[in-house]
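First the structure, in the form of structure tokens, and then the observations on it.
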Amino acid sequence: MATENQLVSFDESDTRRDEMHSTIEAWLEELQSLVDEAAASQEFQEWLDVQSRFHDYSHRNTLLIKRQCPDATRVAGYRTWQTKFDRHVAEGEQAIWIWAPIIAKQCPECENSSSYHEQSDCEYDETPPAAWSTGLVGFRPTAVFDVSQTEGEELPELDTAAEGDVGALFPALRGAASELDVSVSIIDPTKWSHGEAAGICRERPGDDRTTIELLDQDDPAALAGVLVHEYAHALLHVGVDDQTERTKREVEAEAVAYLVGRQFGLDTSGSAFYLAAWQDDETDAVLERLGRISRTATEIVDVVEDEPIQLVDETAN
């Protein structure tokens, strides 16, 4: 695996696109080739740590950031640093290359931009290109820089839901259940029938929503951690009947819980990622799993942050 002394760069514009694709492929292949389970888990967790700092970024872009600048915390384009934050990129700093979406007029049939549509075999001609709607037609390499590569005015403090008492997070998490199409019940310990489990997630015949049951406990932060994990199961396991695939998604659920926990300041120190379950997957399948992890975590984070519950009571003494 790449170390800090073996970080990749994409200096040559002629080969940049291919190298950006191949470095992701190489990381996936290296991850699967690690024999030592602890080493594989650590490498995977390092990607998760980058993803947790850039939860709005795609898994492909966080993989690229990891391979180029794994300690990055906040990135922006050269001009954005100047115009929005009154900072400038220090002389000699090397760009971090990620994929930026290309939004353009899009053929309703082949979904290409007008220039690529003309070169394709698509025969759509019902409406002229000027009347087409805009949409995503591709991605292009774009250069960004981490805040550590810039100088200038201090950045404004980020206002995040993770600030303050983590225990106050549980009401917001529970309030997100309806939006996530899940029902959540807190069960008294005297009525708990699921052994040593702190929570369960299951589909009930005839019930439109997945049901989550949590063992009641005095620590709201611990309850929040269990609920995050069960939300991950609810979003990842519903409709998956194959037992082998469900086992593989256990790793995904643990990863989602880790990402959401990191976002909201929950203790994630007990997380473990048993990647041996993925070793018979092709690299495309593993990449798809990473995408599902990042999308699921982002869905939970966005829903919780939209909850009209004050996570931080600024009037409390």
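Any read-out appearing in this document is the output of simple, stated calculations on the displayed coordinates, not a laboratory observation. Source: prediction; values computed, not measured. Don't worry about glycine lacking a Cβ; one is built from the backbone with ideal geometry, like all the others, and counts go over all protein chains shown.
Using the Karplus relation 6.51 cos²θ - 1.76 cosθ + 1.60 with θ = phi - 60°, the per-residue 3J(HN,Hα) values for segment 117-122 come to 4, 5, 8, 8, 8, 5 Hz, with x marking Gly and Pro. Based on C-alpha pairs under 8 angstrom that are at least 6 apart in sequence, the chain has a relative contact order of 19 percent.
Considering only Ala257, Ala176, Gly291, the residue lying farthest towards the positive end of the dipole of segment 166-305 is Ala176, judged by Cα position with unit charges set on Cβ.
Give me the extension gain from Gln42 to Glu203: residue separation times 0.36 nm, minus the current Cα-Cα distance, reported in nm with one decimal.
Working: separation 161, 0.36 × 161 = 57.96 nm, distance 3.27 nm.
Extending this stretch completely gives an extra 54.7 nm.
If a/c stays under 1.5 just call it rounded; otherwise compare a/b with b/c (prolate if a/b is bigger, oblate if not). Do that for segment 78-152, with a ≥ b ≥ c from the square roots of the Cα gyration tensor eigenvalues. Prolate.
Using only side-chain charges placed at the Cβ, +1 for Lys and Arg and -1 for Asp and Glu, the dipole size of segment 78-152 relative to its Cα centre rounds to 420 debye.
How much length, in nm to one decimal, is gained on full extension between Gln82 and Cys122, taken as 0.36 nm per residue of separation minus their Cα-Cα distance?
Values: separation 40, 0.36 × 40 = 14.40 nm, distance 4.27 nm.
Gain in length upon complete extension: 10.1 nm.
State whether segment 184-283 is rounded, prolate or oblate according to the following rule on the C-alpha gyration tensor (a ≥ b ≥ c being the square roots of its eigenvalues): a/c under 1.5 gives rounded; otherwise a/b larger than b/c gives prolate, and the remaining case gives oblate. Taking the square roots of the gyration eigenvalues as a ≥ b ≥ c, segment 184-283 is oblate. In this Cβ point-charge picture (+1 for Lys and Arg, -1 for Asp and Glu), the chain has a dipole of about 180 debye about its Cα centre. For segment 170-237, the relative contact order is 36 percent, taking Cα pairs closer than 8 Å that sit 6 or more residues apart in sequence and dividing their mean separation by the residue count. If R0 is taken as 35 Å, the Cβ-Cβ distance between Trp192 and Arg295 corresponds to a FRET efficiency of 0.60. 3J(HN,Hα) along segment 103-114, derived from phi through the Karplus expression 6.51 cos²θ - 1.76 cosθ + 1.60 where θ = phi - 60°, amounts to 10, 8, 4, 10, 4, x, 9, 8, 6, 8, 5, 4 Hz, with x in place of Gly and Pro.
Please go through segment 272-303 and write out the GluC sites (Glu not before Pro) that DSSP classes as loop and that have at most 15 other C-beta atoms within 10 Å. Passing both the DSSP loop test and the Cβ count: Glu282.
Placing unit charges on each Cβ (+1 for Lys and Arg, -1 for Asp and Glu) gives the chain a dipole about its Cα centre, and among Ile212, Pro128, Leu266 the Cα reaching farthest toward its positive end belongs to Pro128.
In terms of its C-alpha gyration tensor, segment 1-113 comes out oblate, because a/c is 1.5 or above while a/b does not outweigh b/c.
Please list, by residue number, every one of the GluC sites (Glu not before Pro) in segment 65-127 that is coil in DSSP and has at most 16 other beta-carbon atoms within 10 Å. Passing sites in segment 65-127 are Glu91, Glu93, Glu109, Glu111, Glu123, Glu126. For segment 179-268, the set of chymotrypsin sites (Phe, Trp or Tyr not before Pro) satisfying both a DSSP loop assignment and a count of at most 11 other C-beta atoms within 10 Å is empty. Between Ser183 and Gln243, the simple label model (points 7 Å from Cα in the Cβ direction) yields a spacing of 2.9 nm.
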